[in-house]
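What follows is a set of notes on a single structure, which appears directly below.
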Amino acid sequence: MDARVRVESEIAQEKEAAGLDNEYSVEEVFERWLAMTLRPRVPESHRVSLAERLVEAEVAHEVRVSYADERMRRILRHHEADRLVGLSDFYLGERHLKRILGEVCGALPFERVFVSSDCGVNKMRGRLFAHVQRETLAEPGHHTHIGDNEWSDVKSPKRFGIRAVHYHHDEEEAKRAAHRGRLEARRKGNFVPTAQLLRRELRAACTPDPALTPEQRQLFEIGFRAAPMYVALVLRAMQEAHSLGCPAVHYCTREGEFFRRVHDAVAPLRPFGLDEPRAEVIEVSRVATFLPSLGNVTTKQMMRVWGQYKEQSMAQLLKTCDVNPLPFEPIFARNGVDPDSVVARPWSDPGVRRMFNDPLFRRLLERQRDRRRKMLVEYLRGKGLGSGPGVVVDIGWRGTIHDNIAHLFPRQKIAGCYLSLVQMLNEQPANSTKHAVGPDARLDPEAVMQIVYNVSPMEMLSNTDTGSVRGYQRREDGTLGAVRVHDESEDAVWRRYTRYFQDGVTAAAPIVARWAQTFAVDPREMKPMVIDLMRSIKTNPPRVLAEAYFSLRHNETFGVGGFVDKSAALSPALLRKGEESGATDPEFVRAIEATDWPQGQLRLLGHDELCRQYNAFREQRSRRIDERRARQAKKAKASASDPAPSAAPASNGQQLAEPATPPVVTIPTDTTTPNKIEAGT
């Protein structure tokens, strides 16, 4: 955008130097802008075509955001002038302005529309009035001009003997002032006024189906209010697809099936003024993509699992790879490994290391890897991934599936878009980039990131009843299809609760998209909204969401090896400790944080005040962590900038020795901070 503004300024200065006013047309701007920004080898025909598409998008946007002033329309229809012409200081010429007026206002009695960008002169300096009089043979004494700008439409024409009438509409002027105030706030980095406009619109527009039960209606309303969070994710993915030239956005199951619904609700509005990329669901999971993406079967490669699951049995590892343990039993026996024994730091365990050095163990896993890889690559290519840059979308939190896909296609750039990203544990593939529309551990302090920890409630809200992907098998028609694993209780939670939340989101999605389109909102500007919505859901949840969560069984086959029951309970004694300590008692804190959703548990039990106190404790703890990290970073910076002891002068004219390498200072995470990041398969 800055480049476009510079181009506009350059053209305006050139016009003034040529004796005209500082006017420019949208065509001139786009042609020069593209000439500056596109590579020299881009054909001229392509630049011209792209400029035409951009002009069309600009005009279409003006049509969308314009509306008729009914009072002015009545004045125009009942005028008594012999001839009626329109004048405008505008960068869209007469052809475009007539189209906008026609589509927004219908037929108007204008004989002509004179526009500054066509004529090279404007109303502000008065030269456009003289131009109009020459063209229409009108004399100043017989020329009346009506307009709303005090200078350009009143004072400027009066200088030339024209009768000027100041058109003032109090209601419209108030709207204009409010809009100008929001724009100025955005320019200063304050997005709140623009966000408030959307919140008011969502409140007014939420009309659940009367046939819904009270519980279903409440879930619908919660989803309706939460829609900006998911629309921001979809818009960011569309934006990235446009940037990379991708014809599709690939949404990863299970959450991706819900995200595709949001995409399909938004895409017809063409929020970026272009034909949006199609939505493609890819049936994937960590279990289905991990083994196929492995390089060599080594303990180093397995750190992609063990970096997160630092305690694991070999039986759990094989479940993570989704391989039959039976052929491995003799290998376990001869290497002295109990497959069911949970091993701490397995990469350093002697028995595990012996097993990974066993050629038969490696060969068995490699055969499974190669077979699975062939099927997965074929499946993904059939979905349009792997032959060029791609965009994948998942809920979060480290982008493990994204990493696995990037390892499969190392020559293609694979971008990923997420609600939130937490600290990466593995080395990132060189061909991978990741973007978060919400909290991002690479950028945000602990005070923000603590909202994300214990992520499975957010996963529940984006879940579906279609099961988790375990692998792939060939159908009778020769195509590949996903093998899914279902848990009936998990699916029942979606049918009773989650579907109504998601219906609310998809019903509100077009409203959010139109708002973003109308106010030219970059999805990255929506980050504060996403954080606020996530904070509201996580730290002060409606009781109905807590009920849903604590009746859930969550698929944790990857890493853990099975489903995890989310139901939990706190003893009355622990709750009393929490109440007596203002939610700071260590035993209470440990117990409540073991429930995976402390605030949800407290709201479910009806302890709203204790929930508020716990939130205050958690925020204070996060601030302490941020303060300590800031001190450590400052200390590390000071240590790195300290000059090394002077080296003795070298003889024979040789250069002095290089300064000593500054010590590496690591900043540990707070061991008392809940940092449990879970993810579905």
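Bear in mind that the values in this text are calculations on the coordinates, not laboratory data. The structure presented is a predicted model; accordingly, all values stated were derived computationally and were not measured. As a convention, Cβ positions derive from the backbone with ideal geometry for all residues, glycine included, and neighbour counts pool all protein chains shown.
Return the percentage of antiparallel bridges among DSSP beta bridges fully within the chain, rounded to the nearest 5 %.
30 percent
Determine ³J(HN,Hα), in whole Hz, for all residues of segment 487-493 in sequence, where each value follows from phi through the Karplus function 6.51 cos²θ - 1.76 cosθ + 1.60 and θ = phi - 60°; x replaces Gly and Pro.
Those phi angles translate into 10, 4, 5, 5, 5, 5, 5 Hz.
With respect to the cross-link table entries LYS15/LYS123; LYS374/LYS413; LYS413/LYS538, which display a Cα-Cα separation exceeding 24 Å?
Pairs exceeding 24 Å: LYS413/LYS538.
May I ask you to sort MET355, MET534 by Cβ crowding, counting other Cβ atoms within 10 Å and putting the fewest first?
Neighbour counts put them in this order, fewest first: MET534, MET355.
Using 0.36 nm times the number of residues separating GLU80 and GLU150, minus their current alpha carbon distance, what extension gain do you get?
So the chain would gain 22.9 nm between GLU80 and GLU150.
What are the residues whose amide H is under 5 Å from the amide H of VAL85, where those residues sit 5 or more places off or on another chain and H is modelled from the backbone?
When sequence neighbours closer than 5 places are left aside, the close amide H contacts are GLU111.
Got a sec? How would SER66, SER536, SER387, SER622 order by Cβ neighbour count within 10 Å, fewest to most?
By the 10 Å Cβ count, ascending, the order reads SER387, SER66, SER536, SER622.
For segment 244-301, compute Rh as the Kirkwood radius over C-alpha pairs and then the Stokes-Einstein diffusion coefficient at 20 °C and 1.002 mPa s; write the answer in µm²/s, rounded to an integer.
Result for D is 159 µm²/s.
Once Rh for segment 298-452 is found with the Kirkwood sum over Cα pairs, what is the Stokes-Einstein diffusion coefficient at 10 °C and 1.306 mPa s, in µm²/s?
My calculation gives 91 µm²/s for D.
Work from the charge dipole of the chain (Cβ charges, +1 for Lys and Arg, -1 for Asp and Glu, about the Cα centre) and give the residue of THR289, LEU50, VAL493 farthest towards its positive end.
Selected residue: THR289.
Which value in nm describes the separation of the simple spin-label points at ASP338 and ARG73, placed 7 Å from the Cα toward the beta carbon?
Going by the 7 Å Cα→Cβ label model, 8.2 nm.
Around CYS611, with a cut-off of 14 angstrom between Cβ atoms, what is the net charge of the other residues, counting Lys and Arg +1 and Asp and Glu -1?
+1
Going by average Cβ density within 10 Å per residue, which order do the peptides 512-521, 207-216, 142-151 take, highest to lowest?
512-521, 142-151, 207-216
All other residues with a Cβ under 12 Å from the Cβ of ARG187 taken together, and with Lys, Arg as +1 and Asp, Glu as -1, what is their net charge?
Every neighbour counted, the sum reads +2.
When DSSP beta bridges are limited to those with both residues in segment 2-168, what percentage is antiparallel, rounded to the nearest 5?
0 percent
What Kirkwood hydrodynamic radius, in Å, does segment 121-166 give when the mean of 1/r is taken over all pairs of distinct Cα atoms and then inverted?
10.1 Å
Order the peptides 457-467, 33-43, 79-89, 405-415 from the highest to the lowest mean number of other Cβ atoms within 10 Å of their residues.
Descending packing order for the listed peptides: 457-467, 405-415, 79-89, 33-43.
Can you give me the angle between helix 572-581 and the longest principal axis of the chain, using Cα atoms only, in degrees from 0 to 90, rounded to the nearest 10?
50 degrees
Let's see if you can work this out: charge +1 on each Lys and Arg Cβ, -1 on each Asp and Glu Cβ, no other charges. What is the dipole magnitude of segment 2-168 about its Cα centre, in debye to the nearest 20?
180 debye
Going from the alpha-carbon gyration tensor of the chain, what semi-axes, largest first and in whole Å, does one get by taking the root of 5 times each eigenvalue?
Semi-axes (√(5λ), whole Å): 56, 32, 28.
Defining a contact as two alpha carbons under 8 Å apart and six or more residues distant in sequence, what relative contact order in percent does the chain show?
The value is 12 percent.
Counting only residues 5 or more places away or on other chains, whose amide H sits under 5 Å from the amide H of GLY416 once H atoms are built in the peptide plane?
Under 5 Å from the amide H of GLY416: VAL392, THR433, LYS434, HIS435.
Would you tally the net charge around ALA205, using a Cβ to Cβ cut-off of less than 12 Å, leaving ALA205 out, and scoring K and R as +1, D and E as -1?
Net charge in that neighbourhood comes out at +3.
Using only the Cα atoms of segment 2-168, what semi-axes does the equivalent ellipsoid have when each is the square root of 5 times a gyration tensor eigenvalue? Give whole Å, largest first.
Here the semi-axes work out to 32, 20, 13 Å.
Mean residue ellipticity at 222 nm from the helices of the chain, using -39,500 (n - 2.57) per DSSP H segment of n ≥ 4 over the full residue count, to the nearest 500 deg cm²/dmol?
Calculated at 222 nm, the ellipticity per residue is -16000 deg cm²/dmol.
Shape verdict for segment 206-313, please, from the Cα gyration tensor: rounded (a/c under 1.5), prolate (a/b greater than b/c) or oblate.
oblate
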